[in-house]
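Step one of this worksheet: look at the structure below.
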Amino acid sequence: LCGDLQMQVPFPFSLLCLQVIKCKAAVMWEANKPFSIEEVEVAPPKAHEVRIKIVATGICRSDDHVITGGLVMPFPIILGHEAAGVVESVGQGVTSIKPGDKVIPLFVPQCGECNSCLSTKGNLCSKNDLGSGAGLMPDGTTRFTCKGKAIHHFIGTSTFTEYTVVHESAVAKIDSAAPLEKVCLIGCGFSTGYGAAVQTAKVEPGSTCAIFGLGGVGLSVVMGCKAAGASRIIAVDINSDKFAKAKELGATDCVNPKDFKKPIHEVLIEMTGHGVDYSFEVIGRTETMTAALACCQYNYGVSVIVGVPPAAQKITFDPMLLFTGRTWKGSVFGGWKSKDSVPKLVADYMKKKFLLDPLITHTLPFTKINEGFDLLRTGK
């Protein structure tokens, strides 16, 4: 019926015929419980929204922070924010994306109108849902229901589902030849770490860097420091099993704080003579944030917070650490303007300017998502 009418009516009547999709999703009903694979209903996209068939999604520590309460979000919720997929349908007024396009959802949108989007200095669009944690679409409603209950969205993406709906400002069209099971990492982990080095810190050739935390994001910082020409890249982690991969990706030294009786910042200052030029905290712990600041060169060192800070925790530190000249910075999504930068990063990957394969440790079917989180929590 839609098809016949579409031929006779001079406007896209087919938009009115979009259906609710029933599919599988990993629903988190409450904190500190396993994911439950459920059948959910995904409503059609409204005006300026896009419905995406998710092909591949990564597991990120930020998702786990919600489960443990370190990042406060409303329940029940569909987590996931690092993914790639194919556009299934679009809502009215969507012009930049069409069904069939390969895309990456963006947990940091780019509206192009707010102060951060208009500034060359920032990338954290005011339309983001990181700060408010409302768990809803921009119009204040949800597109997910399960067993008659409304299910919240997660930072505008919700990728632990076979289909999701995002706002047009929170999706980037990418190269149609890109392998989605690889470039999904550009949706968060790789871009966040690599960008923290090359975009936020602007690491210089010949400089010395220290990276605290060698998960996927930390290893991406290592890759960024190497690409920027750093002469010494010190990888720091309490799990020595991470060191071989860190060295493969460019680390020159690997340090386990458990091997020393003195504080790790003192160890790094002794190793370098004066402290590092750039340090990166890629864990999300207040203790390592202050240690990363303290290990910087006292006058011109730059320390970047990349790991999501835990909710309701405060940092106490000696203000002399900053008075002498150090810079303390934060970096969300590597400082990239998302809609502009993600297609370019995918293009660079296709040109083999960087590798993503070393960041992928396991590939699991969607129904084994709880096993995936077990692997994350055990450092594997």
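The values are calculated or read from the model by the stated rules, or taken from the named source; none is laboratory data. Since this is a predicted model, take the numbers as computed values, not measurements. Ideal geometry is used to build each Cβ from the backbone, glycine not excepted, and the neighbour counts take in all protein chains shown. These accessible areas exclude ligands, DNA and RNA; they are computed on the full protein's heavy atoms, side chains included. Shrake-Rupley method; radii C 1.70, N 1.55, O 1.52, S 1.80 Å.
Please list, in order, the residues from segment 217-256 whose amide nitrogen is less than 13 Å from a point placed 7 Å along the Cα→Cβ vector of Asp348.
220-229
How do the peptides 351-361, 175-185, 146-156 rank, highest first, by the average count of neighbouring beta carbon atoms within 10 Å per residue? Each step should come with its number before you reach the end.
On the way: 351-361: 12.8, 175-185: 17.6, 146-156: 19.4.
My ranking of the peptides, most packed first, is 146-156, 175-185, 351-361.
Give me the distance in nm between label points sitting 7 Å out from Cα along the Cα-to-Cβ direction at Leu375 and His274, one decimal.
Rounded to a tenth, the inter-label distance reads 4.4 nm.
So how far, in whole Å, is the C-alpha centre of segment 322-380 from the one of segment 105-184?
The two parts, judged by their Cα centres, are 16 Å apart.
When ligands, DNA and RNA are left out and all protein chains stay put, how many square angstrom of accessible area per residue does segment 287-380 have with a 1.4 Å probe? Don't skip to the answer; put the middle values down first.
On the way: 5190 Å² over 94 residues.
Accessible area per residue: 55 Å².
How many angstrom lie between the Cα centre of segment 60-76 and the Cα centre of segment 264-317?
The distance from the Cα centre of segment 60-76 to that of segment 264-317 comes to 24 Å.
At 1.4 Å probe size, with no ligands or nucleic acids counted, give the accessible surface of Thr68 in Å², nearest ten.
80 Å²
Ranked from highest to lowest mean number of other Cβ atoms within 10 Å per residue, what is the order of the peptides 76-83, 342-349, 330-337?
Values: 76-83: 25.5, 342-349: 19.0, 330-337: 22.6.
Averaged packing, sorted descending, gives the order 76-83, 330-337, 342-349.
Which residues in segment 97-132 place their backbone N less than 16 Å from a point set 7 Å from the Cα of His48 along the Cα-to-Cβ direction?
What the label zone holds, given the 16 Å backbone N cut-off, is 97, 109-118, 125-129.
In what sequence, largest accessible area first, do Val72, Val27 appear using a 1.4 Å probe?
Descending order: Val72, Val27.
Treat segment 201-330 as a sphere of radius equal to its Kirkwood radius over Cα pairs and apply Stokes-Einstein at 37 °C in a medium of 0.692 mPa s; give the translational diffusion coefficient in µm²/s, rounded to a whole number. Don't skip to the end; give the middle numbers.
Working: Rh = 14.3 Å.
For these conditions, the coefficient is 229 µm²/s.
For n ≥ 4 DSSP H runs only, could you compute -39500 (n - 2.57) per run for the chain, divide by its residues and tell me the 222 nm figure to the nearest 500? Please list the in-between numbers first.
Working: 12 runs with 92 residues, N = 380.
Roughly -6500 deg cm²/dmol at 222 nm, from the helical runs in the chain.
Can you send over the carbon and sulfur percentage of the accessible area for the chain, probe radius 1.4 Å, protein chains only? Intermediate values should be presented prior to the final figure.
Working: 9450 of 17150 Å².
Roughly 55 percent, rounded to a whole number.
Within the set of other residues whose C-beta is less than 13 Å from the C-beta of Val203, count the net charge using Lys and Arg as +1 and Asp and Glu as -1. Spell out each step's value before the answer.
Working: positive: Lys202, Lys226, Arg232, Lys329; negative: Glu204, Asp277.
Spelling it out: positives minus negatives among the neighbours equals +2.
log₁₀ I(q)/I(0) of the chain at q = 0.14 Å⁻¹, via Debye over equal Cα point scatterers, no solvent, to two decimals?
Treating every Cα as an identical point scatterer, log10 I(q)/I(0) equals -1.18.
Given a cut-off of under 8 Å on Cα pairs at least six residues apart, what relative contact order in percent is computed for the chain? Walk me through the intermediate numbers first.
Working: 865 pairs, mean separation 60.2, N = 380.
The normalised contact order for the chain reaches 16 percent.
Pairs Lys53/Lys202; Lys337/Lys368; Lys352/Lys380; Lys33/Lys202: which exceed 30 Å Cα-Cα? Present the calculation step by step, with values, prior to reporting the outcome.
Working: Lys53/Lys202 36 Å; Lys337/Lys368 33 Å; Lys352/Lys380 26 Å; Lys33/Lys202 40 Å.
Long pairs (Cα-Cα over 30 Å): Lys53/Lys202; Lys337/Lys368; Lys33/Lys202.
Could you compute how much accessible surface Asp318 exposes when probed at 1.4 Å, giving the result in Å² to the nearest 10?
90 Å²
Give the percent of DSSP beta bridges with both residues in the chain that are antiparallel, rounded to the nearest 5.
Values: 33 of 55 bridges.
Around 60 percent of the beta bridges assigned by DSSP in the chain are antiparallel ones.
So for each of 85-93, 319-327 I average, over its residues, the number of other beta carbons within 10 Å; can you give me the resulting order with the highest mean first? Mind showing how you got there, number by number?
Values: 85-93: 19.1, 319-327: 12.8.
For the peptides 85-93, 319-327, the packing ranking is 85-93, 319-327.
Which value, in debye to the nearest 20, gives the size of the charge dipole of the chain about its Cα centre, when Lys and Arg are +1 and Asp and Glu are -1 at the Cβ?
Numbers: 38 positive and 35 negative charges, 58 e Å.
Value, rounded to 20: 280 debye.
Quick one: compute the contact order of segment 228-366, relative version, from alpha carbon pairs under 8 angstrom and 6+ residues apart, as a percent.
Details: 167 pairs, mean separation 21.4, N = 139.
In percent, rounded to a whole number, it is 15.
Please check which bits of segment 162-176 a label hung off Ala134 would reach, taking the label as a point 7 Å along Cα-to-C-beta and the cut-off as backbone N under 16 Å.
Within reach of a label on Ala134, which here means backbone N under 16 Å from a point 7 Å along Cα→Cβ, segment 162-176 contributes 166-170.
Which of the trypsin sites (Lys or Arg not before Pro) found in segment 207-278 are loop residues per DSSP with 16 or fewer other Cβ atoms within 10 Å of their Cβ? Please report the intermediate quantities before stating the final value.
Numbers: sites: Lys226, Arg232, Lys242, Lys245, Lys247, Lys258, Lys261; in loops: Lys261.
Of the trypsin sites (Lys or Arg not before Pro), the ones in loops of segment 207-278 whose Cβ has at most 16 other Cβ atoms within 10 Å are Lys261.
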